[in-house]
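First up is the structure itself, then whatever we jot down about it.
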Amino acid sequence: MKVGGVSVHTGTIPSKTLRETALNLSGWRERGFYGRSYRVKKEIGSHDLSMRLGKTLTHEVDVLEHQFLRNGVATMAGFARFVDPHRVMVTSPDGSEMVIEGERFLVAVGTVPFHPGNVDFSDPDILDSDEVVEIPRLPRSLTVVGAGVIGIEYATIFSALDVAVTVIEPRDSFLDFIDREIIEEFVHQLRDRGVAFRLGSPVEKVEKAGDGRVLTTLKDGRTVRTEMLLYCAGRMGATADLGLETCGLSTDARGRLAIDPETYQTEVAHIYAAGDVIGFPSLASTSMEQGRIAACHAFGLPLPPAPAFFPYGIYAVPEISTVGMSEQEVRDRKINYECGIARFRETSRGHIMGLEQGLMKMIFSNKTRRLLGVHIIGEGATELIHIGQAVLNLKGTIDYFIENTFNYPTLAEAYKIAALDAWNRMAR
Ligand SMILES: Cc1cc2nc3c(=O)[nH]c(=O)nc-3n(C[C@H](O)[C@H](O)[C@H](O)COP(=O)(O)OP(=O)(O)OC[C@H]3O[C@@H](n4cnc5c(N)ncnc54)[C@H](O)[C@@H]3O)c2cc1C
């Protein structure tokens, strides 16, 4: 096994590479100008998707291996399991075993896709979120089970490739941590391009229909029939065979470890845990930071203060990014606030790029003028958000956006437009 984990091999980087390939080959970004039927490549196959992936992954692994080497970090390939609180047994791919002793340990084993008993994953037309990066062919229709971040990202990437996508989610809503106005805009755009949603009922069974397609029946009796099914409803901590019981540690039902949120120590003080194995937010960005804090604590270095807000990026098509409080949270906290909205088509850059959609919403306190949250949907959202993040964590106010000059023409100008929109409504 090569270094890099799910992030490099089956999760973050592969899904984002697939997204980039899909957007480039489909001509997605140019459709605002040339129309919905515009395509860069008429027939897109799975080989087109995998070509770019291979090159990107090789590069990522090279960079990581070089960083390990440069920083004097020894690596070995093998499966580790605790044999007692201070020793792990590592079984190498050739079957040889080696015991390693340590004063302190960091468990960062991540997760594996959750496989429920009523879905047959040996069927080549039924894939989980690790398998989809090597999708054997591009189907004409796809069911995506689970409207979490991963399910929504893949659903919209395949939809951009003209695959007819149906999303199934047991709850009546999805991505509840995102501002509702952004989700309303998102759903509107997805419905407009034909993505179907079957919300509010869990999957009862998944079987092969007589015509060879995958037939999914929901508990409330609704059915969905598509060429392929992608199951993205949850992941489990990869702790089942880790020998945690030999250290007096146990996990929750999803295989996750509990930690002290300040130091990342588990109940056994010399064993730390970070990344997806400790659960929410389960992002590569936050996992790296957790690992750094745990390492600082383990080696007695001063702990860096945790920033108040970190951004979320959802690399769907269109992408969404958010930092700080949503309008719902602000209202729940009874803060007197005002919102400002900028549509990307109001910026000159957006016009040049042919962007018909995309918006930025900013929320400010009426009392202190402080920025409380930024929510963006559309091209470049995951990059643009960092301006808002900086102002938010530095406790900046609306005046920053009103008084500063932004490069022109840029999408970042949306910050000024949204701030002015809020300023116009604020009591002065
Ligand atoms: C489809 C998808 C898309 C994603 N997109 C994003 C994104 O856009 N942005 C973002 O920030 N995050 C994203 N994530 C989340 C991100 O990939 C994870 O948060 C990140 O990989 C977690 O890192 P980790 O080190 O905790 O675990 P992992 O990356 O899962 O790494 C764990 C490693 O430990 C190894 N391992 C497991 N058990 C053992 C053992 N017993 N002995 C030895 N080794 C073991 C595994 O083989 C693996 O290599 C995505 C995830 C998925 C699945």
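The values are calculated or read from the model by the stated rules, or taken from the named source; none is laboratory data. Here the structure is a predicted model, which is why all the values come from computation and not from measurement. Backbone-built Cβ (ideal geometry, glycine too); neighbour counts: all protein chains shown.
How many residues are aliphatic (A, V, I, L, M), surrounded by 15 or more Cβ atoms within 10 Å (Cβ to Cβ) and over 24 Å from Gly313 (Cβ atoms) when one looks only at region 1-54?
So the answer is 1.
Can you tell me which residues in region 224-233 are more than 14 Å from the ligand (Cβ to nearest atom) and among the hydrophobic types (A, V, I, L, M, F, W, C)?
Val224, Met228, Leu229
Looking at Ala306, Ala342, which one is in contact with a helix residue (DSSP H, G or I) (Cβ under 8 Å, 6 or more places away or on another chain) and modelled with pLDDT of 95 or more?
Answer to the check: Ala342.
What tally of residues in region 234-261 results from selecting those that are touching a residue at least 60 places away in the same chain (Cβ under 8 Å), more than 13 Å from the ligand (Cβ to nearest atom) and in a loop (DSSP other than H, G, I, E, B)?
Of the residues in that region, 2 qualify.
Right, Ala295: touching a residue at least 60 places away in the same chain (Cβ under 8 Å), in contact with a Phe, Trp or Tyr (Cβ under 9 Å, 6 or more places away or on another chain) and surrounded by fewer than 16 Cβ atoms within 10 Å (Cβ to Cβ) or not?
Yes; evaluated as a whole, the condition is true for this residue.
Check whether at least one residue in region 164-172 is farther than 22 Å from Gln357 by Cα and loosely packed, with under 14 Cβ neighbours inside 10 Å, and report yes or no.
Checking region 164-172: at least one residue is farther than 22 Å from Gln357 by Cα and loosely packed, with under 14 Cβ neighbours inside 10 Å.
Determine which member of the set Val119, Val133 is crowded, with 16+ Cβ neighbours inside 10 Å and more than 14 Å from the ligand (Cβ to nearest atom).
Val119
Give the residue that is farthest from Leu283 (Cα to Cα), with candidates limited to residues of region 24-67 that are within 15 Å of the ligand (Cβ to nearest atom) and touching a residue at least 24 places away in the same chain (Cβ under 8 Å).
Going through the qualifying residues, I end up with Leu49.
What number goes with the only condition from (1) within 16 Å of the ligand (Cβ to nearest atom); (2) modelled with pLDDT of 95 or more; (3) of a type outside the set (A, V, I, L, M); (4) loosely packed, with under 15 Cβ neighbours inside 10 Å that Gly300 does not pass?
For Gly300, the exception is condition (1).
Quick check: is even one residue across region 159-177 touching a Phe, Trp or Tyr at 6+ places or on another chain (Cβ under 6 Å) and in a strand (DSSP E or B)?
Yes; the residues of region 159-177 include at least one that is touching a Phe, Trp or Tyr at 6+ places or on another chain (Cβ under 6 Å) and in a strand (DSSP E or B).
So in region 383-420, with the set limited to residues that are hydrophobic (A, V, I, L, M, F, W, C) and in a loop (DSSP other than H, G, I, E, B), which one is surrounded by the fewest Cβ atoms within 10 Å (Cβ to Cβ)?
Leu394
Looking at (1) assigned by TED's automatic domain parsing to the domain that holds Ala381; (2) farther than 30 Å from Val391 by Cα, which is the one condition that is false for Val323?
All conditions are met except number (2).
I'm trying to understand the selection: among the residues of region 1-49, which are within 30 Å of Asp94 (Cβ to Cβ) and modelled with pLDDT of 85 or more?
Of everything in region 1-49, those that are within 30 Å of Asp94 (Cβ to Cβ) and modelled with pLDDT of 85 or more turn out to be Val3, Gly4, Gly5, Val6, Ser7, Val8, His9, Thr10, Gly11, Thr12, Ile13, Pro14.
Has region 94-106 got any residue that is under 29 Å from the mean Cα position of the chain (by Cα) and not in a loop (DSSP other than H, G, I, E, B)?
Yes, the conditions are met somewhere in region 94-106.
Of the conditions (1) in contact with a helix residue (DSSP H, G or I) (Cβ under 7 Å, 6 or more places away or on another chain); (2) surrounded by 16 or more Cβ atoms within 10 Å (Cβ to Cβ); (3) not in a strand (DSSP E or B), Phe82 satisfies every one except a single condition; which number is it?
It is condition (3) that Phe82 fails.
Considering only region 338-357, state which residues are touching a Pro at 6+ places or on another chain (Cβ under 8 Å) and within 23 Å of Glu327 (Cβ to Cβ).
Thr347, Gln357
Residues are listed down the side, and each one gets a yes or a no for (1) more than 24 Å from Arg137 (Cβ to Cβ); (2) outside any loop (DSSP other than H, G, I, E, B):
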| site | (1), (2) |
| --- | --- |
| Gly32 | yes, yes |
| Lys42 | no, no |
| Met51 | no, yes |
| His59 | yes, yes |
| Val63 | yes, yes |
| Gln67 | yes, yes |
| Ala74 | yes, no |
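Against the condition farther than 23 Å from Phe114 by Cα, among the charged types (D, E, K, R) and touching a Phe, Trp or Tyr at 6+ places or on another chain (Cβ under 9 Å), how does Glu289 come out, does it pass?
yes
Condition (residue is within 16 Å of the ligand (Cβ to nearest atom), under 15 Å from Ile183 (Cα atoms) and either free of Cβ contacts under 8 Å to residues at least 60 places away in the same chain or in a strand (DSSP E or B) (or both)) applied to region 325-347: is it met by at least one residue?
No, the conditions are met nowhere in region 325-347.
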